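Engineer: Take this structure, written in structure tokens, and hold onto it; I'll ask about it next.
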Amino acid sequence: MLLILLVVFIAQNTQRVQVSFLGWDGQPPLSVALLIAAVAGAALAVSIGTLRMWQVRRRVRRTGRS
């Protein structure tokens, strides 16, 4: 189901847009630009969440040993 929605999204958003980021300039289709931004955002959120969980676990272990 999700794959079907993704295909429909890509098919409906094919117009090109100007994108500039950290010195990179390009004109990808809108759907590609949005998908890359969403994947990058999700990866960043997972990374930050993982680091926070490690920090909490380390603190719990340290407190438990005292």
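The values are calculated or read from the model by the stated rules, or taken from the named source; none is laboratory data. The model shown is predicted, which means the values in this text are computed figures rather than measured ones. Using ideal geometry, Cβ is built from the backbone for each residue, glycine included, and neighbour counts are taken over all protein chains shown.
Engineer: Name, by its number, the condition in (1) free of Cβ contacts under 8 Å to residues at least 12 places away in the same chain; (2) surrounded by 10 or more Cβ atoms within 10 Å (Cβ to Cβ) that does not hold for residue 1.
Structural biologist: For residue 1, the exception is condition (2).
Engineer: Show the residue pairs meeting these rules: Cβ distance below 6 Å; 6+ apart or different chains; first residue within region 18-46 and more than 17 Å from residue 6 (Cα to Cα); second residue small (Gly, Ala, Ser).
Structural biologist: 19/26; 19/33
Engineer: What is the residue count in region 1-38 for residues that are at pLDDT 90 or above, of a type in the set (Val, Ile, Thr) and either touching a Cys at 6+ places or on another chain (Cβ under 9 Å) or not in a strand (DSSP E or B) (or both)?
Structural biologist: Residues flagged as at pLDDT 90 or above, of a type in the set (Val, Ile, Thr) and either touching a Cys at 6+ places or on another chain (Cβ under 9 Å) or not in a strand (DSSP E or B) (or both) within region 1-38 amount to 1.
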